[in-house]
Amino acid sequence: MSSFTPQRSNQRAGQDRFPQLLRAEWTKFRSGLGWVLLMASVVVTVSLGLLIAGGARSACVTGKGEGPCPAPLVGPDGTAVRDKYYFVHQPLTGDGSITARVSDMTGQMRLPDVVPGVRNVKEGVVPWAKAGLLLRQSLKQGTPYAAVMLTGDHGVRMQYNYTHDVPGGPHNGPQWLRLTRSGDTVTGYESDDGKTWTEVGTVKLTGLPETVEIGLFATSPGALWDMAKAFAQATATFDQITLEGANGSWRRDDVGVVMESDGKTPHHPGGVVESGDKLIVTGGGDIGPATVEGGLRADLMLIGGAVGLIPVLVAAVLFFTAEHRRRLIGTGLPAESHPARLLAAKALVVGAVAFVTGLVTSGVVVPAGLAMLRANQNPIQPITLGTELRVIVGYAALTAVAAVLALGLAALVKRGIVAIGLAIALVVVPHLLASAGLVPWLLMITPAAGFAITQSIPTFAHVDVDQSLLGGYYPLPPWAGLTVTFGYAALALGAAIAVHRGADSRQSREWRGGR
């Protein structure tokens, strides 16, 4: 019994003295170089963000000439969307359906010029070219809709309200499609032979009016080159067309077509050709989220955040290495208990001050940068207050976790320059490479994954984008990315505590043996 009493007493003393230890570490941080480095982090990140915001100028060519770009088109849930396609349609009052076979799908797309100045347009379709059956509330852009379609390289899909995508079969050849309406419910089907049908998906379009537009459509997003999209069109041949509930004449609309600078000539117009019982429909554009075309993103204001983290990482490393050989003396605690409490205290201090630093940084640069973009008449991707707060607080959390990771690395390697190099290689370098469109998968497996918490618009699987941070591409959702960084920090700190506790335990036994 007596052998356990001192240990329990020491443990209680250690618990009682942890706040004192925490205050001591806070005092050490305040009196060190850390504050200068953290201020440098704020200045670097805010300066780069405001430099980008101040220099951004968007211009668009419309029928009235060149001028500021219009505000982004917004879908039913507030997301910026594209809504451009060629539509051959009829009004449908009440319940009904449309059935047709997509017997052929071809297209044209512009590829990089082989000869400078000579347009290189080839036959073919991009992966998300679309042709199929469409039901929508009206022809007004941005209104609710549902469609079942054949795509260029993703088989049959049912998509609705721009942001939703349901996969069907992996078909790329001729395919039968059917779209039915029953009240507010729209269901899409596919078939290989027009006899046996498989449901692709069902959606409820709340508030659908009694009379809607139903018909055939074709569209194609541009061919993707280096964060930009070049001309592309899709042409689909429809036959075996039957309608129930609609028996009027076909109407033809090039929805969303824009005019050249003369205000009269359509830019890449679509069209339809009737050939017997066939309708050959050609269209360009897209019906879906506008991840790039929808305006500048809030997270671009934090594009300098990776560089701004470097002073934070250096401050965290120096906070440990400045005294990593010093031991606590006269605390009344067993030697082997010191490393855990000491590192925990240091981690709490450096994590807290890094969080405040990140919060000040993002809390200034994000709202101020967006205000500058709007003042310069740039279109801005719609962002809710909740998302903006998540971007701001999320960057602060990332800053804190990255600082704790750097502290853990310093405690493991015990050499400042090595720990700084490791922290930068793990957190900063992958972000810079991903910004250039290189090895984006590093944002899934390295601590740089945490930058996903700053994304202000999601990455949609049914929209092809350049796989770079500048293009808005993050391979992980926001909280999943931050969790990866947190896991690295916890692992580094836990390993450091275990290593130091083991070393101190051995030294304690040797000291006692010497006595």
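The values are calculated or read from the model by the stated rules, or taken from the named source; none is laboratory data. Just so we're clear, the structure is a prediction, and the values are computed from it rather than from any experiment. Neighbour counts are summed over all protein chains in view; Cβ atoms, including those assigned to glycine, are modelled from backbone coordinates with ideal geometry.
Residues of segment 465-490 being crowded, with 18+ Cβ neighbours inside 10 Å and not in a loop (DSSP other than H, G, I, E, B), which ones? Spell out how you get there, then give the answer.
Taking segment 465-490 as the starting set, the residues that turn out to be crowded, with 18+ Cβ neighbours inside 10 Å are 466-467, 469, 471-474, 476, 478, 481-482, 484-486, 488-489.
Leu469, Gly471, Pro478, Gly481, Leu482, Val484, Thr485, Phe486, Tyr488, Ala489 - these are the residues of segment 465-490 that are crowded, with 18+ Cβ neighbours inside 10 Å and not in a loop (DSSP other than H, G, I, E, B).
Give Thr45, Thr79 a once-over and let me know the one that is at pLDDT 85 or above, among the polar types (S, T, N, Q) and in contact with a Pro (Cβ under 8 Å, 6 or more places away or on another chain).
Thr79
Confirm whether Val349 is assigned to a helix (DSSP H, G or I) and at pLDDT 95 or above.
Values: assigned to a helix (DSSP H, G or I): yes; at pLDDT 95 or above: no.
Taking the combined requirement at face value, the residue does not satisfy it.
Across segment 185-198, what is the total count of residues that are acidic (Asp, Glu) and either loosely packed, with under 14 Cβ neighbours inside 10 Å or closer than 26 Å to Lys140 by Cα (or both)?
Here is the first cut: in segment 185-198, the ones acidic (Asp, Glu) are 190, 192-193.
Now restrict to residues that are either loosely packed, with under 14 Cβ neighbours inside 10 Å or closer than 26 Å to Lys140 by Cα (or both): 193.
The number of residues fulfilling the criteria is 1.
Looking only at segment 475-505, count every residue that is closer than 30 Å to Gly152 by Cα and either touching a Gly at 6+ places or on another chain (Cβ under 7 Å) or assigned by TED's automatic domain parsing to the domain that holds Tyr162 (or both) and tell me the total.
1
State yes or no: is Ala236 under 30 Å from Tyr473 (Cα atoms), assigned to a strand (DSSP E or B) and in contact (Cβ under 8 Å) with a residue 24 or more places away in the chain?
Taking the combined requirement at face value, the residue does not satisfy it.
Hey, can you tell me all the residues within segment 158-177 that are closer than 23 Å to Lys204 by Cα and surrounded by fewer than 24 Cβ atoms within 10 Å (Cβ to Cβ)?
Asn161, Thr163, His164, Asp165, Val166, Pro167, Gly168, Gly169, Trp176
Without any contact (Cβ under 8 Å) to a residue 12 or more places away in the chain, farther than 23 Å from Val350 by Cα and β-branched (Val, Ile, Thr): does that describe Val413?
no
Residue under question is Thr206, and the condition is that it be out of contact with any Cys (no Cβ under 6 Å at 6 or more places or on another chain), outside any loop (DSSP other than H, G, I, E, B), farther than 24 Å from Asp254 by Cβ and not small (Gly, Ala, Ser); does it hold?
So Thr206 does not fit the description; no.
Could you tell me whether Ser103 is modelled with pLDDT under 85 and either aromatic (Phe, Trp, Tyr) or surrounded by 14 or more Cβ atoms within 10 Å (Cβ to Cβ) (or both)? Outline the logic, then answer.
Values: modelled with pLDDT under 85: no; either aromatic (Phe, Trp, Tyr) or surrounded by 14 or more Cβ atoms within 10 Å (Cβ to Cβ) (or both): yes.
Spelling it out, it is not the case that Ser103 is modelled with pLDDT under 85 and either aromatic (Phe, Trp, Tyr) or surrounded by 14 or more Cβ atoms within 10 Å (Cβ to Cβ) (or both).
Any residue at all in segment 233-256 that is on the phi > 0 side of the Ramachandran plot and buried (at least 24 other Cβ atoms within 10 Å of the Cβ)?
No, segment 233-256 contains no residue that is on the phi > 0 side of the Ramachandran plot and buried (at least 24 other Cβ atoms within 10 Å of the Cβ).
Within segment 142-166, restricting attention to residues that are touching a Leu at 6+ places or on another chain (Cβ under 7 Å) and among the small types (Gly, Ala, Ser), which residue is nearest to Ser182 (Cα to Cα)?
Taking the candidates together, the pick is Ala146.
Name the residue that is surrounded by the fewest Cβ atoms within 10 Å (Cβ to Cβ), counting only residues in segment 126-141 that are farther than 29 Å from Arg110 by Cβ and touching a Leu at 6+ places or on another chain (Cβ under 8 Å).
Across segment 126-141, the extreme among qualifying residues is Gln137.
Among the residues of segment 369-397, write down those that are more than 19 Å from the chain's Cα centre (by Cα), buried (at least 16 other Cβ atoms within 10 Å of the Cβ) and among the aliphatic types (A, V, I, L, M).
Selection gives Met372, Leu373.
Quick check: is even one residue across segment 443-456 at pLDDT 90 or above and surrounded by fewer than 20 Cβ atoms within 10 Å (Cβ to Cβ)? Lay out the reasoning, then the answer.
The initial filter retains those residues of segment 443-456 that are at pLDDT 90 or above, namely 443-456.
With surrounded by fewer than 20 Cβ atoms within 10 Å (Cβ to Cβ) added as a condition, the list becomes 444-445.
Yes, there is a match, as at least one residue in segment 443-456 is at pLDDT 90 or above and surrounded by fewer than 20 Cβ atoms within 10 Å (Cβ to Cβ).
Can you name every one of the strands (runs of 3 or more DSSP E) wholly within segment 21-125 that holds 1 or more residues which are without any contact (Cβ under 8 Å) to a residue 12 or more places away in the chain and of a type in the set (A, V, I, L, M, F, W, C)? Explain how you work it out, then say what you get.
Working: elements: 60-62, 65-67, 81-93, 96-111, 120-123.
Because the criterion is at least 1 residues that are without any contact (Cβ under 8 Å) to a residue 12 or more places away in the chain and of a type in the set (A, V, I, L, M, F, W, C), the strands (runs of 3 or more DSSP E) in segment 21-125 that meet it are 60-62.
Can you pull out every residue in segment 19-45 that is closer than 25 Å to Gly304 by Cα and not β-branched (Val, Ile, Thr)?
Listed by number, the residues that qualify are Leu33, Gly34, Trp35, Leu37, Leu38, Met39, Ala40, Ser41.
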